[in-house]
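Before any comments, here is the structure.
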Amino acid sequence: MWIKQHPFSSIRWKILATFLVIIGVSFAITAALLTGLVSSTLYQQRTRQASLSAERLATSAAPFFASAQTAPLLESLTTAAGELDGRILLLSPDGKVQLDTYGLLEGTGLTLPVMTQVLTGSDPYAYGIYPVGDGSDYAAISAARMTHHGETMGVLLLSTPVTELRTAIVTMEKQLITVFAAVAGAALVAALIFSLTLTRPVKALTSTIRRMGKGDLSARVHIRSSGEMQELADSYNAMAERIENFDRSRSQFVSNASHELKTPLTAMKLLLECMIEQPDMPQPLRLEFMQDMNHEIDRLSGVITDLLTLTKMDSQEGPLHLSELDLSLLTQDTLHTLTPVAAKAGLTLSASIAPGVRITGDATKLGSIIYNLTDNAIKYTPGGGEIRVALSVRGKDALLTVQDNGIGIPPEEQAHVFDRFYRVDKARSRATGGTGLGLSIVRQMVQLHGGDITLTSTPGEGSVFTVTLPMRKEGD
Ligand SMILES: Nc1ncnc2c1ncn2[C@@H]1O[C@H](COP(=O)(O)OP(=O)(O)O)[C@@H](O)[C@H]1O
Ligand SMILES: [Mg+2]
């Protein structure tokens, strides 16, 4: 049922991979640019120094070279080469080595691009970097043209090792890699923490949803987070709360309804058994029993009618049959049918109805609201009492008040009288044929019309039910 995630498809791994790729790429670019820049600067600096030395040496060596005074020349050049930590070669224009401070190459011929450059080119100096020995080491070679009295005498080559330069660059590269490893490690830890803080609430939410899905409606998410995650968890918990409440009230409703249906059945069964056991029961008693049974059937039928009304509204099966109607007339008509009931109970029913209050609504349901409230007022007001029904307009709303000076409702019960099957005095309500569903039906009908119902009551003094109904449906 639950889709198993591939371990690397989780948010955490995605975040880690993204972090690493970004850091790796930016670091590689930075490192390449940095080493390139540093090494070229170092090499340039070195070759510029070497070229200057070569130029100076060539100028001082030229006269001696011209006069073939090799012995003093060799001596001074060897000293100079030692100071520069290099090697000096003097070559004739044809490329033959005439003098080598290492004393190794005299007499041999050499061709290096830098030589050709200074002998044939306009620039008297040139330099280049060449591999030496087995090719693993490099030397920077500066060439300078030797001229005497305007005549080209030959070329001076100054060779200096670049090993230390290369070592410096390699060291720098190593250091860069170390720094990269450190930064990548730190980023990894940061990404791990970040992804944990991100995925932990998601995981908590997922496992809670699973528990809820398996039927544990009391499951809630507890996360310590901020921002969107906390908002998500809070919204989820609020939703779970509603579902749990809904579930609780539903099972309560079912048990209440069963009880309400069972009570009249039990009463009827008792009456019937009595009649069966006493076949020679006196006729007047038999008649009374049968009247009682008839009364219980009425009750049963009343409960079922109310239940059907409620479930219809719950399932949205009975939507509002809206029409533009005259609420004043509707109120008058409804009160008309109740006047004899009130009179029979010894009550006065007076009405103060503003004429021509027009409203968009469901005629049957609005009539039912007025009927139920007035019926209650009649039922819960002792003989001699007075019931006043008023209809007026306040702003965009129609205002219906049903007031009585009856038994009233204790403050602690007032919040519950709109609950299904709730009755303040069960015995009294039963005696008057109440089901305890009337007010919950009324409230639901008022809410369907976009209205509101409130109650103010004082025990022993009476109650006022106030219904506010918008005269036009929203959006009209
Ligand atoms: N006008 C009123 N005066 C006093 N108590 C009332 C009044 N209207 C309703 N009640 C109380 O609220 C309870 C719920 O009312 P309702 O849902 O209409 O059920 P019932 O079927 O008992 O009339 C009643 O049982 C009664 O205790
Ligand atoms: Mg009622």
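The values are calculated or read from the model by the stated rules, or taken from the named source; none is laboratory data. Values in this document were obtained by computation on a predicted structure and should not be read as measured data. Note that each Cβ is placed from the backbone with ideal geometry, even for glycine, and that neighbours are counted across all protein chains shown. With ligands, DNA and RNA removed, areas are computed over all heavy atoms of the protein, side chains included. Shrake-Rupley method; radii C 1.70, N 1.55, O 1.52, S 1.80 Å.
Counting only residues that are open to solvent by 60 Å² or more (accessible area, probe 1.4 Å), touching a Ser or Thr at 6+ places or on another chain (Cβ under 9 Å) and of a type outside the set (Asp, Glu), which one in segment 385-402 is farthest from VAL446 (Cα to Cα)?
ARG388
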The one condition VAL467 fails out of (1) modelled with pLDDT of 95 or more; (2) within 14 Å of ligand 2 (Cβ to nearest atom); (3) within 18 Å of THR331 (Cα to Cα) is (2)
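Is at least one residue of segment 371-391 within 8 Å of ligand 1 (Cβ to nearest atom), β-branched (Val, Ile, Thr), within 24 Å of ARG299 (Cα to Cα) and touching an Asp or Glu at 6+ places or on another chain (Cβ under 9 Å)? Before you say what the answer is, go through the steps one by one.
Let us first name the residues in segment 371-391 that are within 8 Å of ligand 1 (Cβ to nearest atom), namely 372-373, 375-377, 379-381.
From what's left, β-branched (Val, Ile, Thr): 381.
Filter once more, so that each one left must be within 24 Å of ARG299 (Cα to Cα): 381.
Applying the additional criterion that residues be touching an Asp or Glu at 6+ places or on another chain (Cβ under 9 Å) yields 381.
There is at least one residue in segment 371-391 that is within 8 Å of ligand 1 (Cβ to nearest atom), β-branched (Val, Ile, Thr), within 24 Å of ARG299 (Cα to Cα) and touching an Asp or Glu at 6+ places or on another chain (Cβ under 9 Å).
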Pairs, first of a type in the set (S, T, N, Q) in segment 11-31, second assigned to a helix (DSSP H, G or I) and open to solvent by less than 60 Å² (accessible area, probe 1.4 Å), C-beta under 9 Å, six or more apart: THR18/ALA191; THR30/LEU176
Please go through segment 343-377 and pick out each residue that is under 55 Å from the mean Cα position of the chain (by Cα) and within 16 Å of ligand 2 (Cβ to nearest atom). LYS365, GLY367, SER368, ILE369, ILE370, TYR371, ASN372, LEU373, THR374, ASP375, ASN376, ALA377
Only residues that are more than 8 Å from ligand 1 (Cβ to nearest atom) and open to solvent by less than 50 Å² (accessible area, probe 1.4 Å): list them for segment 428-447, please. GLN444, MET445, VAL446
Of all residues in segment 112-148 being farther than 13 Å from LEU90 by Cα and hydroxyl-bearing (Ser, Thr, Tyr), the one that is surrounded by the fewest Cβ atoms within 10 Å (Cβ to Cβ): SER122
Among residues of segment 449-473 being farther than 16 Å from VAL417 by Cβ, open to solvent by 60 Å² or more (accessible area, probe 1.4 Å) and touching a Ser or Thr at 6+ places or on another chain (Cβ under 7 Å), the residue nearest to ligand 1 (Cβ to nearest atom) is LYS473
Helices (runs of 4 or more DSSP H) wholly inside segment 379-454 that include at least 1 residues being without any contact (Cβ under 8 Å) to a residue 24 or more places away in the chain and touching a Gly at 6+ places or on another chain (Cβ under 9 Å): 426-431
Which listed residue is in a helix (DSSP H, G or I) and either surrounded by fewer than 21 Cβ atoms within 10 Å (Cβ to Cβ) or in contact with a Phe, Trp or Tyr (Cβ under 7 Å, 6 or more places away or on another chain) (or both), from THR360, THR337, THR374: THR337
Checked segment 73-111 for anything open to solvent by 80 Å² or more (accessible area, probe 1.4 Å), among the charged types (D, E, K, R) and touching a residue at least 12 places away in the same chain (Cβ under 8 Å); matches are ASP85, ASP94, LYS96
Scope segment 412-427; condition within 7 Å of ligand 1 (Cβ to nearest atom) and open to solvent by 30 Å² or more (accessible area, probe 1.4 Å); matching residues: TYR422, VAL424, ASP425
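So that you can scan it fast, the table gives a plain yes or no per residue for (1) farther than 30 Å from ILE304 by Cα; (2) open to solvent by 90 Å² or more (accessible area, probe 1.4 Å):
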{"residue": "ARG200", "(1), (2)": "yes, yes"}
{"residue": "LEU232", "(1), (2)": "yes, no"}
{"residue": "ASN245", "(1), (2)": "no, no"}
{"residue": "ARG248", "(1), (2)": "no, yes"}
